[in-house]
Number of protein chains: 2
Amino acid sequence: MNITGKNLIAGEWSGDTSNGFSAMNAITNQTMNEMFADANEQEIDQAINKASQAFVTYSQLSAEKRAGFLRTIGEQILALGDDLVNMACAETGLPAMRIQGERGRTIGQLGLFANLLESGEYQAVVDLADANRAPLPKPETRLGYLPLGPVAVFAASNFPLAFSTAGGDTASALAAGCPVVMKAHAAHPGTAELVAQAISKAIEICGIDAGVFSLIQGKNYGISSQIVTHPMIKAVGFTGSERVGMILQRQINERAEPIPFYGELGSVNPQFILENKLAEDAKELAQGLVASLMMAQGQFCTSPGIWAYVADEHAATFENAASQAISETAAGVMLTPGIAVSYNNAVKQWQGIAGVECLAQGKSPSAEQIHFCSAALFATDLATFKDNKTLHEEVFGSSALIVRCKSQVELMAFISLLKGNLTASIHASEKDLPMAQQVALAAAHKVGRLIYNQMPTGVEVCASMNHGGPFPASTQIRSTSVGSEAIKRFQRPICYQNMPNELLPELLKI
Amino acid sequence: MNITGKNLIAGEWSGDTSNGFSAMNAITNQTMNEMFADANEQEIDQAINKASQAFVTYSQLSAEKRAGFLRTIGEQILALGDDLVNMACAETGLPAMRIQGERGRTIGQLGLFANLLESGEYQAVVDLADANRAPLPKPETRLGYLPLGPVAVFAASNFPLAFSTAGGDTASALAAGCPVVMKAHAAHPGTAELVAQAISKAIEICGIDAGVFSLIQGKNYGISSQIVTHPMIKAVGFTGSERVGMILQRQINERAEPIPFYGELGSVNPQFILENKLAEDAKELAQGLVASLMMAQGQFCTSPGIWAYVADEHAATFENAASQAISETAAGVMLTPGIAVSYNNAVKQWQGIAGVECLAQGKSPSAEQIHFCSAALFATDLATFKDNKTLHEEVFGSSALIVRCKSQVELMAFISLLKGNLTASIHASEKDLPMAQQVALAAAHKVGRLIYNQMPTGVEVCASMNHGGPFPASTQIRSTSVGSEAIKRFQRPICYQNMPNELLPELLKI
């Protein structure tokens, strides 16, 4: 494994690592050996200019060639072998099995878009000419799609592979025909470089213009600002916190030319537990929800953060089972020291809110477990929830809040208070169907994915997936960042009128 | 014809016309008799609240019922008869035949969306469950679409029917399942009220919640700001100037929750004339372009504002023919006094630019023709065009600029300088195909619709139309404001996972 610590600027490794930064080994809490260079203004400008130049040829590459390129990236990622797994585990604290699974998903995503391109699915819509139409003849029109241009992608802290360097945003942008300027996450720069090396090899193997991909390293906030405000950047993909996402959104709002900002910024993924389900399955459901909450120590965007029900006589069974399950959980390592601090602050803040009860906490970390955190389970009533906006916000980590409603009317009122979410689940039995219908109708307008009797964690990468939703789940409610529809974020319609065959793009030819 | 001058707030006519405003008769330049009430803050808030309440039932209305509602609106507009035509002609100065044609298009648009709804075209994408998949079972997921919520629509000055009260934005929003809060254009408030009366009757006939449509009258700028920043408004449709559109965009950017702003803000619709076409058809093409330019006195969003070619020995034939055609045009009435002033200022400004030659002007208006304007034809070279950004901006009215390039290289450089446009046309003969291919590849990235050997004016309302394009043609490059795809602006995806049939929306049921 050879880590240069440099930026990959259109095929050239560039930068001075001597004044750079290092990642933290998440588990040992030690600074890692590799030094990485903050990209400078010239390098960033160069990367974006080269992307813009590469767009001319890359946007015209046949669907088959783009598909081959995506598959080759997947092969080269796999060829990195254990080096990649070891680096990602050290930088994020995630276990090897999880990283291996995520690698499979990452390669699978590249394959999904390759399949999509090969299937020629984006067929033209054609309206034929009618020379005899009165009062005016009707022209022939054909609707096709064009890639937008160079896309900036920001890596996510919690998916070092599947939402990072060659993750879903990159795969869908490259599939659409857009070059990518990738901003690596400062918490896993080594993983980013290894994957960038794989992409760079795929570019060589497939004979693609090297400007199609650049990797920008850095901890300096000015870097992100320079990227998103550059006039040649035509769309931005971002997965992260609402705070950072909205800083980028505001910078993008200042551009002379508006561009789409696809920000996935936060979600509490409410769980609605209906009366009969609670009566029939309280204990099992409680354990299932805790297991879902504990995945990746709650650091999934689909982690179930708020659970609501009408608190009848079965609520105690549920809460006891959930509390016991939580109290048995070991402290877990967080992705970054910053996330650990934020999580602990949020838990402390909730503990101080009158009307919020801390039902249980997981085991405490040992003295050596520096940025490990413990799970926490809280409960409150609707009035307290309504009055404390901080309870409406996502806590990134394994903390959940039970909202005990007094009635079905209160449960419906709870739904109306929710901000936008990636997902919600309705947990119901046969007998709950009438209430489930009401909940589904109201909850649909609060989420991008509505789930019945399943946990929210786990996102299928398929044609019918939607991973988005009302703000802050997504800044662009009409888009998904997972699944084959994700490619549409980086394409736009164009109508060709009365065009001879020779001037039509391949897919639109007669 | 009974004009109340009031606002229609969810079925109630409301407002005090005594401190209101009047429209101007465009041809006589006289203030019209009818007084209209500026909507006040309470009325606007009421309209939006009622729209939000109506959304609950309207969003669940079957596709068939929504289709019936759209058709009934069309019938009621037709039932307004000559009253509507006379009012629109007086307020806009457009001739009766044009208004009748526009009425046909408006009713046709409503019918197009009704057909779309009845055809059940928006089929679900379904991925079936697979209980045996390893390592985890695959859930069933179904992708459907939900309406966004209340939509604010701003009427356009240049299409009092087809882009106003019951125009394309309203029709597509209502088709999608979204209530509409309509801001009438202050230049044609009487036309707006008549159409609102028709919509109100259709609401009664179809038994729809009256909150589904409100009409807001007003000249006060605060009205628009209140509408677009209201938290219950979930999308905005606007057709107008870049200046006003960007004021709205900035106000929308300040919202806590980002929403899509569909602004169609300007387009110069470049015409690329290739070498052999110029040699073969100079005179006919010049006359055709002048005829296209003169439609509605150049007040079409697709008006051909810039014509470019390699100025060889045939250019003189073209320019002479175009100049002669321009000089024979009569002065025409503009939609509003403000538009007349802006047009005359722009023409004056261009006359003062060194390197810009005024080739011809149309006949001057008579003393009584107060806000009539004359056509104008200018010519310049690429260097002057490059250095004067004002020449890149749309002049709303019948003014065109010829850019004389010295070579094909200069013609390609000219394309690269263009901002975004709704359309561009390539005028070419058989022999021009190689150059046409180059032009088409470059020009495609500057436009929403690329046309071959036809004029840009005239927009088909059909499935394959795209009326949008790179900024400033549209603030949302991925959307069209004309054609059946326009409905998607007001819908967003939702994934239903593992949902029983009873909880699925009609279109997604098994």
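Which one of these does residue A:392 not meet: (1) within 15 Å of residue A:268 (Cα to Cα); (2) within 12 Å of another protein chain (Cβ to nearest Cβ)?
Result: residue A:392 fails condition (2) only.
For the range A:55-65, give me each residue that is surrounded by fewer than 22 Cβ atoms within 10 Å (Cβ to Cβ) and part of a helix (DSSP H, G or I).
Listed by number, the residues that qualify are A:56, A:57, A:63, A:64, A:65.
Just checking, how many residues over the range B:29-51 are touching a residue at least 40 places away in the same chain (Cβ under 8 Å), more than 15 Å from residue B:191 (Cβ to Cβ) and surrounded by fewer than 19 Cβ atoms within 10 Å (Cβ to Cβ)?
So the count comes out to 4.
Tell me which residues, restricted to the range A:253-270, are more than 11 Å from the chain's Cα centre (by Cα) and within 13 Å of another protein chain (Cβ to nearest Cβ).
A:253, A:254, A:255, A:256, A:257, A:258, A:259, A:260, A:261, A:269 - these are the residues of the range A:253-270 that are more than 11 Å from the chain's Cα centre (by Cα) and within 13 Å of another protein chain (Cβ to nearest Cβ).
Counting only residues that are more than 14 Å from chain B (Cβ to nearest Cβ) and of a type outside the set (D, E, K, R), give me the strands (runs of 3 or more DSSP E) lying completely in the range A:124-190 with at least 1 of them.
Filter on the range A:124-190 gives A:151-154, A:180-183.
Considering only residues that are buried (at least 24 other Cβ atoms within 10 Å of the Cβ) and free of Cβ contacts under 8 Å to residues at least 40 places away in the same chain, look in the range B:185-216 and name the one that is farthest from the chain's Cα centre (by Cα).
B:192
Can residue A:250 be described as in contact with a helix residue (DSSP H, G or I) (Cβ under 9 Å, 6 or more places away or on another chain), within 14 Å of another protein chain (Cβ to nearest Cβ), part of a loop (DSSP other than H, G, I, E, B) and farther than 27 Å from residue A:88 by Cβ?
So residue A:250 fails the test.
Just one of (1) crowded, with 20+ Cβ neighbours inside 10 Å; (2) free of Cβ contacts under 8 Å to residues at least 24 places away in the same chain trips up residue A:81, so point out which.
Checking residue A:81 against (1) crowded, with 20+ Cβ neighbours inside 10 Å; (2) free of Cβ contacts under 8 Å to residues at least 24 places away in the same chain, the one that fails is (1).
Yes/no matrix, rows are residues, columns are (1) within 16 Å of residue B:180 (Cα to Cα); (2) of a type in the set (Val, Ile, Thr):
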position	(1), (2)
B:202	yes, no
B:205	no, yes
B:220	no, no
B:240	no, no
B:243	no, no
B:272	no, no
B:285	no, no
B:292	no, no
B:299	no, no
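For the range A:62-70, indicate whether the set of residues that are under 15 Å from residue A:204 (Cα atoms), at pLDDT 95 or above and among the aromatic types (Phe, Trp, Tyr) is non-empty.
Yes.
Need pairs with beta-carbon distance below 6 Å; first residue of a type in the set (D, E, K, R) and within the range B:358-379, second crowded, with 17+ Cβ neighbours inside 10 Å; sequence gap 6+ or separate chains.
As it stands, the answer is B:363/B:331, since those pairs meet every condition given.
Quick one: in the range A:444-486, of everything that is touching a helix residue (DSSP H, G or I) at 6+ places or on another chain (Cβ under 6 Å) and free of Cβ contacts under 8 Å to residues at least 60 places away in the same chain, which residue is nearest to residue A:260 (Cα to Cα)?
Applying the filter and picking the extreme gives A:480.
Give the residues of the range A:11-54 that are part of a strand (DSSP E or B) and within 22 Å of residue A:86 (Cα to Cα), sorted by residue number. Walk me through it before giving the result.
So in the range A:11-54, the residues part of a strand (DSSP E or B) come out as A:12-14, A:21, A:24, A:31, A:36.
Within the range A:11-54, A:21, A:24, A:31, A:36 qualify.
Somewhere in the range A:462-483, is a residue more than 7 Å from chain B (Cβ to nearest Cβ) and part of a strand (DSSP E or B)?
Checking the range A:462-483: not a single residue is more than 7 Å from chain B (Cβ to nearest Cβ) and part of a strand (DSSP E or B).
Filter the range B:413-433 for residues that are more than 24 Å from the chain's Cα centre (by Cα) and either small (Gly, Ala, Ser) or within 10 Å of another protein chain (Cβ to nearest Cβ) (or both) and give the result.
Across the range B:413-433, the qualifying residues are B:413, B:416, B:428, B:429, B:430, B:433.
Could you grab me the full set of residues in the range B:429-439 that are over 16 Å from residue A:61 (Cα atoms) and part of a helix (DSSP H, G or I)?
B:430, B:431, B:432, B:433, B:434, B:435, B:436, B:439 - these are the residues of the range B:429-439 that are over 16 Å from residue A:61 (Cα atoms) and part of a helix (DSSP H, G or I).
What number of residues in the range B:485-510 are at the interface with another protein chain (Cβ under 9 Å from one of its Cβ atoms) and crowded, with 19+ Cβ neighbours inside 10 Å?
12
The values are calculated or read from the model by the stated rules, or taken from the named source; none is laboratory data. Computed from a predicted model, the values in this text were never measured in an experiment. Every residue, glycine as well, gets a Cβ built from its backbone with ideal geometry; the counts of neighbours run over all protein chains shown.
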